[in-house]
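The values are calculated or read from the model by the stated rules, or taken from the named source; none is laboratory data. Because the structure is a prediction, the values reported are computed rather than measured. Heads up, the Cβs are rebuilt from the backbone with ideal geometry, glycines too, and the neighbour counts pull from every protein chain shown.
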Amino acid sequence: MSTVLSEDPSQANGSPAIGLQGGRKRIVIVGGGFAGIAAARALKTIDAEIILIDRRNHHIFQPLLYQVATAVLAPSEIATPIRQLEATQQNLSVVLAEVTGISLSARTVEAIHPGLGIRKIGFDYLVVAAGMRPSYFGHDEFALHAPGLKSLNEAETIRSKILSAFELAEATEDGAERARQMTFVLVGAGPTGVELAASIAHMVSITLRNNFRSIDPAQSRIVLVDGGDRILPTFAESLSGKVARRLARLGVEVRTGLKVDKVDEQGVVAGGERIASATVLWTAGVAASPVVRMLNTRTDRAGRALVGPYMEIAEAGDVFVAGDAVSMTQDDRPVPGVAQAAIQQGRFVGRLIANRVKGRQDGRPFRFRSKGSMAVVGKNYAILEAGHLRTSGFATWVIWAVLHVLALPQLQNRFRVQTQWLWSYLTGQRSSRLIAEAPRIIDPIKQKPSP
Ligand SMILES: Cc1cc2nc3c(=O)[nH]c(=O)nc-3n(C[C@H](O)[C@H](O)[C@H](O)COP(=O)(O)OP(=O)(O)OC[C@H]3O[C@@H](n4cnc5c(N)ncnc54)[C@H](O)[C@@H]3O)c2cc1C
């Protein structure tokens, strides 16, 4: 059980309590993702105390998470310690803790520190930028067999699952079990599902070639299932069609209009059809972080906060929500849950608070300025949609690669990612083919997993 280190933020009581100090404003930011970091940086020059709380010690560059899941990159190449990222911002302290409660009346955030217990942290302004988590549309039991892709742990779990499947397929002599191990089902054909499916297709046909003796990884079945009538529904229909054809050429079976009814250890049941698979990956729904619920404010069906024009919640004008955890419409269209929206919202909220701390008036309400959307489909092919501009192919893929390297938050990671990509591009090899835990080896005589 956790202990309460400081109930009253103004009484330190010998413990490292975090209370408000007279005069200087305190801004608490929950989440060190794109929105939280952008908010913190926009507050860099003000005379205030900023506390950034995250349950992880690192910021993740999520757009490249699928490359960790498919062994192209190592976790540390897309993750940066938040302390290191914000080391030069003198008015900011980073707290490694999980936020478990928020009181708008007491103006405190309750957070559990690993091994230390609960702290209550007072605030003058609060920014909730806690992102999203995978959602299984009311079937949480699916999570047991179908990991989502939101964290490094999940990416490593997926990587281990994929690589273990080939080891088990190589070891078994049972044809049906071998086929099950070599079948990969991805549920959800948005950008993450498409990128992951194409990357697995490249891995089975190039990277794993000649690595096994009993199986040919190129014979693997990769099935991308979606309940909608087309893949990449947020892109123009013409681009979505091109990507579907590209995936077919890579050997990915695209099955649209198929609703997944069941996920179990044998695979999935979709549209009444069972697809036997040892590796089912969930790239479908997402729901807001439970931190939003702690605000007791209005939300949409995915649990995202419905905020006002200044990203404030209705119950408190100095409590803001930014990034994926927000539901906003602009010109009758939803603001997308993408990194550029999260950065713009975080920066907006940071500047707004900075103005208020300096006693200035609020400026104009938030407005999202889209720079376009991209998705990559294996080697040499990406799509881009920006306003009326729609492009696809090799040149778009080069633009995608350059933009993603430049967007990585640290020079060291930019260098490492570029080197890995170049090596991978030239040799077809992937340098992070590690299985975190040994797979359960099939007993070749009994054809059952050994205990
Ligand atoms: C696999 C994948 C691929 C993507 N690809 C793209 C892409 O190509 N282009 C693009 O623009 N966008 C992409 N996105 C979307 C983009 O990553 C998100 O829109 C963006 O990360 C949202 O930023 P955020 O700050 O709102 O949330 P996040 O970046 O998710 O950060 C939330 C932070 O809050 C912390 N947190 C959550 N709960 C708690 C708690 N209780 N206590 C303390 N801390 C907590 C988390 O640890 C995390 O650090 C992708 C997302 C995923 C998952």
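Is there a residue in the stretch 268-282 that is within 12 Å of the ligand (Cβ to nearest atom) and closer than 30 Å to Ser392 by Cα?
Checking the stretch 268-282: at least one residue is within 12 Å of the ligand (Cβ to nearest atom) and closer than 30 Å to Ser392 by Cα.
Checking Glu253 against (1) touching a Leu at 6+ places or on another chain (Cβ under 8 Å); (2) closer than 16 Å to His145 by Cα, only one condition comes out false. Which one?
Exception for Glu253: condition (2).
Does Ala287 satisfy the condition of being touching a Gly at 6+ places or on another chain (Cβ under 6 Å), small (Gly, Ala, Ser) and more than 30 Å from Gln181 (Cβ to Cβ)?
It is true that Ala287 is touching a Gly at 6+ places or on another chain (Cβ under 6 Å), small (Gly, Ala, Ser) and more than 30 Å from Gln181 (Cβ to Cβ).
Could you please find all residues in the stretch 72-115 being surrounded by fewer than 21 Cβ atoms within 10 Å (Cβ to Cβ), away from the ligand (no atom under 11 Å from the Cβ), in contact (Cβ under 8 Å) with a residue 24 or more places away in the chain and hydrophobic (A, V, I, L, M, F, W, C)?
Ala74, Leu85, Leu104
Can you list the helices (runs of 4 or more DSSP H) found entirely within the stretch 139-256 that contain at least 2 residues being touching a strand residue (DSSP E or B) at 6+ places or on another chain (Cβ under 6 Å) and not aliphatic (A, V, I, L, M)?
191-202
Within the stretch 334-376, count every residue that is within 10 Å of the ligand (Cβ to nearest atom), assigned to a loop (DSSP other than H, G, I, E, B) and surrounded by 18 or more Cβ atoms within 10 Å (Cβ to Cβ).
2
Hey, any hits in the stretch 310-321 for a residue that's at pLDDT 95 or above, charged (D, E, K, R) and in a helix (DSSP H, G or I)?
no
Could you tell me whether the stretch 385-403 includes any residue that is of a type in the set (Phe, Trp, Tyr) and surrounded by fewer than 16 Cβ atoms within 10 Å (Cβ to Cβ)?
Within the stretch 385-403, one or more residues are of a type in the set (Phe, Trp, Tyr) and surrounded by fewer than 16 Cβ atoms within 10 Å (Cβ to Cβ).
Being away from the ligand (no atom under 13 Å from the Cβ), modelled with pLDDT of 95 or more, buried (at least 18 other Cβ atoms within 10 Å of the Cβ) and not assigned by TED's automatic domain parsing to the domain that holds Ala325, is that true of even one residue in the stretch 45-68?
Scanning the stretch 45-68, I find no residue that is away from the ligand (no atom under 13 Å from the Cβ), modelled with pLDDT of 95 or more, buried (at least 18 other Cβ atoms within 10 Å of the Cβ) and not assigned by TED's automatic domain parsing to the domain that holds Ala325, so the answer is no.
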